[in-house]
Amino acid sequence: MSRAFTDSIVVPVANEEDARETARALEPYDIEHVTILFVIEKGEGVPDKTPVEQSERMADKSFATFHEKFPRADVEVAYRRDVVDGILDVASGIDASAIVFRPRGGSRIVQFLSGDKSLRLITEADRPVIALPNPPSEDEKETRK
């Protein structure tokens with residue numbers, strides 16, 4: 001049985017702004033089923049980066065923002081020490097046909113110091129990983145007309 005890349009995708013988001021921009025970048029594509037994912041980083045014996053309740057509120061706001069463009073998208077919250085492991089676990093658990101994300105900015109040094117999660121996601125996934133292009137801003141659209 002063959003599947004299209006976009007049968008059932010999981011889309012990780014990091015915050016409300018990221019959810020808005022990722023939904024905007026995904027909007028032009030024909031997607032059958034979307035699951036929005038927010039990974040809450042848990043310390044497992046060390047202090048959490050942010051309080052869990054604060055992270056859960058951020059997840060809810062991110063989901064609400066994404067739902068403005070994709071109102072029927074499912075939501076998942078994963079509690080993991082490692083964000084990439086959380087994304088991969090959820091994608092496997094829901095049998096997603098692909099993981100779709102919008103690369104976040106940052107200099108090479110910032111990416112190096114943070115462990116370059118995008119590279120890990122791409123190299124460790126057991127399913128296709130699709131990086132969305134950043135759509136042009138409203139100002140750029142006006143300039144092109």
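The values are calculated or read from the model by the stated rules, or taken from the named source; none is laboratory data. Since this is a predicted model, take the numbers as computed values, not measurements. Here the Cβ positions follow ideal geometry from the backbone for every residue, glycine too, while neighbour counts run over all protein chains shown.
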Filtered residues of region 15-39 (kept if within 28 Å of THR50 (Cα to Cα) and part of a strand (DSSP E or B)): VAL34, THR35, ILE36, LEU37, PHE38, VAL39
Filter result for ALA98 (under 23 Å from ILE122 (Cβ atoms), modelled with pLDDT of 95 or more and among the hydrophobic types (A, V, I, L, M, F, W, C)): yes
Residue in region 11-19 that is under 25 Å from ASP126 (Cα atoms), of a type outside the set (A, V, I, L, M) and touching a His at 6+ places or on another chain (Cβ under 6 Å) present: no
Answer residue from region 71-93, given it is part of a loop (DSSP other than H, G, I, E, B) and surrounded by fewer than 16 Cβ atoms within 10 Å (Cβ to Cβ) and is modelled with the lowest pLDDT among those: ARG81
Some residue of region 101-115 being surrounded by 15 or more Cβ atoms within 10 Å (Cβ to Cβ), modelled with pLDDT of 90 or more and not small (Gly, Ala, Ser): yes
Identity of the residue in region 27-70, under 16 Å from ASP7 (Cα atoms) and modelled with pLDDT of 95 or more, that ends up surrounded by the fewest Cβ atoms within 10 Å (Cβ to Cβ): HIS33
